[in-house]
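Heads up, the thing below is written out as structure tokens.
The values are calculated or read from the model by the stated rules, or taken from the named source; none is laboratory data. From a predicted model like this one, the values you see are computed outputs, not experimental measurements. We place every Cβ from the backbone using ideal geometry, glycine too, and count neighbours over all the protein chains shown. Note: areas computed on protein heavy atoms with side chains; ligands, DNA, RNA excluded. Shrake-Rupley method; radii C 1.70, N 1.55, O 1.52, S 1.80 Å.
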Amino acid sequence: MLVRYTRQLATAALIVAAGLGMGACSAHPGAAVITNNGDYSIAEVDEAVSQIATVTAGKSSIDAYEVRVRLINEPQLVAVADSVGLSVTDEQIDQAIEQTAAQTGAQVPAIGRGTRATVRAVLLNQQLSQFAQMNPAAVPAMNETLEQARGAANAQINPRFAQPTLGGGQAPTMPLFGDAVSGAKDDPTAALLGGNAH
């Protein structure tokens, strides 16, 4: 009788420990990205990948990793854009999506929240890069604003997913907007941006 009771206690303790261990994996279960703008679920990330692929007729290189990176950086990009007087409106997002769909002959699906935030981040990055190219003297202040926004953010990517290098704590090898000044190659998502697709 004592052996049976001990086994039951051991089994119960194992179940409780397993439950606590699984619950401790994330304070936001099902969330792929947590930002100041709210949480984005794994389903929203997958939906964004699917919708961007649909709009670009499969010509976009944006995968789930890239969507997570764009979502986690979006609030910081908004802060930098605000600091230099730039912004991206919902109308600009809709226009970019519609123009891309027209270029590729695709239908525009009902755009989800994660897709909208991803496209906003892409467009903000494009605007900021163009601004930096036209105003190289503004790059240090832009990078400082970015670092301040990043430091104030409580942004996280679910630890089950690959972490971006910059967000993972490694120092960048060049300023974020330095690529615009140094003349880096075109972004492969140009069709999404409404630019020239190669």
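Taking the condition crowded, with 16+ Cβ neighbours inside 10 Å, of a type in the set (A, V, I, L, M, F, W, C) and modelled with pLDDT under 90, does Ile93 pass? No.
Among all positions in region 73-88, there is at least one residue which is modelled with pLDDT of 95 or more, closer than 18 Å to Thr115 by Cβ and surrounded by 11 or more Cβ atoms within 10 Å (Cβ to Cβ). The residues in region 109-148 that are open to solvent by 10 Å² or more (accessible area, probe 1.4 Å), under 15 Å from the mean Cα position of the chain (by Cα) and among the aliphatic types (A, V, I, L, M) can be counted, and the count is 1.
Within region 35-61, residues that are farther than 15 Å from Glu98 by Cα and assigned to a strand (DSSP E or B) reach partners that are open to solvent by 40 Å² or more (accessible area, probe 1.4 Å) and at pLDDT below 90 with beta carbons closer than 6 Å, at six or more positions or on different chains, in the pairs Asp39/His28.
Between residues in region 85-106 that are free of Cβ contacts under 8 Å to residues at least 40 places away in the same chain and residues that are open to solvent by less than 70 Å² (accessible area, probe 1.4 Å) and not aliphatic (A, V, I, L, M), which pairs lie under 8 Å by C-beta distance while being six or more apart or on different chains? Sorted first by the residue in region 85-106, then by its partner, the pairs are Val88/Arg120; Val88/Gln127; Asp90/Arg116; Ile93/Arg116; Ile93/Arg120.
Looking across region 67-84, the residues that are out of contact with any Gly (no Cβ under 9 Å at 6 or more places or on another chain) and in contact (Cβ under 8 Å) with a residue 12 or more places away in the chain come down to Arg68, Arg70, Glu74, Pro75, Gln76, Leu77, Val78, Ala79, Val80, Ala81, Ser83, Val84.
Ala106 meets the stated requirement of being farther than 26 Å from Ile34 by Cα, open to solvent by less than 50 Å² (accessible area, probe 1.4 Å) and touching a helix residue (DSSP H, G or I) at 6+ places or on another chain (Cβ under 9 Å). For region 72-98, a residue qualifies if it is polar (S, T, N, Q), touching a helix residue (DSSP H, G or I) at 6+ places or on another chain (Cβ under 9 Å) and in a helix (DSSP H, G or I), and the qualifying residues are Asn73, Gln76, Ser83, Gln92. Give the residues of region 126-156 that are in contact (Cβ under 8 Å) with a residue 60 or more places away in the chain, part of a helix (DSSP H, G or I) and among the polar types (S, T, N, Q), sorted by residue number. Gln126, Thr145, Gln148 - these are the residues of region 126-156 that are in contact (Cβ under 8 Å) with a residue 60 or more places away in the chain, part of a helix (DSSP H, G or I) and among the polar types (S, T, N, Q). Counting just the residues of region 26-61 that are surrounded by fewer than 22 Cβ atoms within 10 Å (Cβ to Cβ) and β-branched (Val, Ile, Thr), which one comes out nearest to Val119 (Cα to Cα)? In this case the residue turns out to be Val49. When region 32-63 is examined, which residues are found to be under 18 Å from Pro159 (Cα atoms) and modelled with pLDDT under 90? Ala32, Val33, Ile34, Thr35, Asn36, Gly38, Asp39, Tyr40, Ser41, Ile42, Val45, listed by residue number. Checked against the criterion of being β-branched (Val, Ile, Thr), crowded, with 16+ Cβ neighbours inside 10 Å, at pLDDT below 95 and closer than 22 Å to Val78 by Cβ, region 160-175 contains not a single residue that satisfies it.
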